[in-house]
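Peer 1: One structure coming up, written as structure tokens, with questions to follow.
The values are calculated or read from the model by the stated rules, or taken from the named source; none is laboratory data. Worth saying up front: this structure is predicted, and the values here are computed from it rather than measured. Here Cβ is always computed from backbone atoms with ideal geometry, including for glycine, and neighbour counts include all displayed protein chains. Side chains included, ligands, DNA and RNA excluded: accessible areas come from the protein's heavy atoms. Shrake-Rupley method; radii C 1.70, N 1.55, O 1.52, S 1.80 Å.
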Amino acid sequence: MLTHCNAGSLATAGYGTALGIIKKASEQGKRVRVYATETRPLLQGARLTTWELLKEGIPVILITDNMAGYFMNKGEIDYVIVGADRIAANGDVANKIGTYTLAVLAMENAIPLYVAAPVSTIDFSLSSGADIPIEERSPDEVTCIQGVRVAPEGVTAANPAFDVTPHNYVSAIVTEKGVIREPYVERLRNLC
């Protein structure tokens, strides 16, 4: 499986969301091997996700964000599981930047993408992902890596912290109250 950013206990408290599902599968004796993206620009996958998985004894392979399509195309990935920062009423999902790219790659390679999030993440005041505000963070996070400048002085850098994955790329949303699939509009309301 492949995961992006950090959706473990360090990010969510308790058992975690996406990593919680991975941990549970491992506890049940299922053979689990995880590809974790580094998650540029802040490297949450490299720093946090890999640490949590290693601590749990779960095999993890760290890859750069732009390697995901390569491993999907090779047949190394059976599914993608990510967390969510916000879910709109129609099932569109805001998560760490790069999630949308993974969703498109997953669909192109016939790989299901699952979103794990608590029901408190669902925001019925947002009819779709187009209504989700996207935080623009400091350009220094892109031009520097852990305080070391990697880009020339004077270059302009964009740094949206999140992107929105349209609901049609999401195979299922996994919550503490159950798993739901399309049609999300009706089923999210019934779930909550």
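Peer 1: On a C-alpha basis, how far is the centre of the range 144-192 from the centre of the range 1-77 in Å? Whole number, if you could?
Peer 2: 16 Å
Peer 1: Continuing with this model, one more query. Answer rounded, prolate or oblate for the range 54-139, using the Cα gyration tensor with square roots of eigenvalues a ≥ b ≥ c: rounded when a/c is under 1.5, else prolate when a/b is larger than b/c, else oblate. Before the final figure, lay out each step's value.
Peer 2: Numbers: a/c = 1.75, a/b = 1.67, b/c = 1.05.
Prolate is the answer for the range 54-139, as a/c is 1.5 or above and a/b outweighs b/c.
Peer 1: Let me ask something else. So what's the net charge close to Thr143: Lys and Arg +1, Asp and Glu -1, counting the other residues with Cβ under 10 Å from its Cβ?
Peer 2: -2
Peer 1: While we're looking at this one, here's another question. Run the 1.4 Å probe and let me know the accessible area of Asp131, rounded to the nearest 10 Å².
Peer 2: 70 Å²
Peer 1: Ok, one more. Between Gly29, Val150, Ala106, whose Cα lies farthest towards the positive end of the dipole of the chain when Lys and Arg beta carbons carry +1 and Asp and Glu beta carbons carry -1, centred on the Cα centre?
Peer 2: Final value for the positive-end residue is Gly29.
Peer 1: Checking the a/c ratio against 1.5 first, then a/b against b/c, what shape does the Cα gyration tensor give for the range 1-117?
Peer 2: Numbers: a/c = 1.32, a/b = 1.10, b/c = 1.20.
The shape class here is rounded.
Peer 1: Oh, and also: Antiparallel as a % of all DSSP beta bridges within the chain, to the nearest 5?
Peer 2: Antiparallel bridges make up about 45 percent of those DSSP assigns within the chain.
Peer 1: What does the net charge come to around Thr156 if you take all other residues with beta carbon closer than 13 Å to its beta carbon, with K and R at +1 and D and E at -1? Display every interim value, and only then the final one.
Peer 2: Details: positive: none; negative: Glu136, Asp140, Glu153.
Summing Lys/Arg as +1 and Asp/Glu as -1 gives -3.
Peer 1: May I pose another question? Summing Lys, Arg as +1 and Asp, Glu as -1, what charge do residues with Cβ under 15 Å from the Cβ of His167 carry, His167 excluded?
Peer 2: Numbers: positive: Arg86, Arg181, Arg187, Arg189; negative: Asp92, Asp123, Asp131, Asp163, Glu182, Glu186.
Taking every other residue near His167 into account, the sum is -2.
Peer 1: Carbon and sulfur: what percent of the range 5-153's accessible surface (1.4 Å probe)?
Peer 2: Numbers: 3890 of 7310 Å².
C and S fraction of accessible area: 53 percent.
Peer 1: Taking the Cα centre of the range 75-166 as origin and charging only Cβ (+1 Lys, Arg; -1 Asp, Glu), how large is the dipole, in debye to the nearest 20?
Peer 2: 80 debye
Peer 1: Give me the 1.4 Å probe accessible area per residue for the chain, excluding ligands and nucleic acids, in Å².
Peer 2: Values: 9480 Å² over 192 residues.
Result: 49 Å² of accessible area for each residue.
Peer 1: Okay, next question. Where the only charges are on Cβ atoms (+1 Lys, Arg; -1 Asp, Glu), what is the dipole of the chain about its Cα centre, to the nearest 20 debye?
Peer 2: Details: 17 positive and 21 negative charges, 135 e Å.
With only Lys, Arg, Asp and Glu charged at Cβ, the dipole is about 640 debye.
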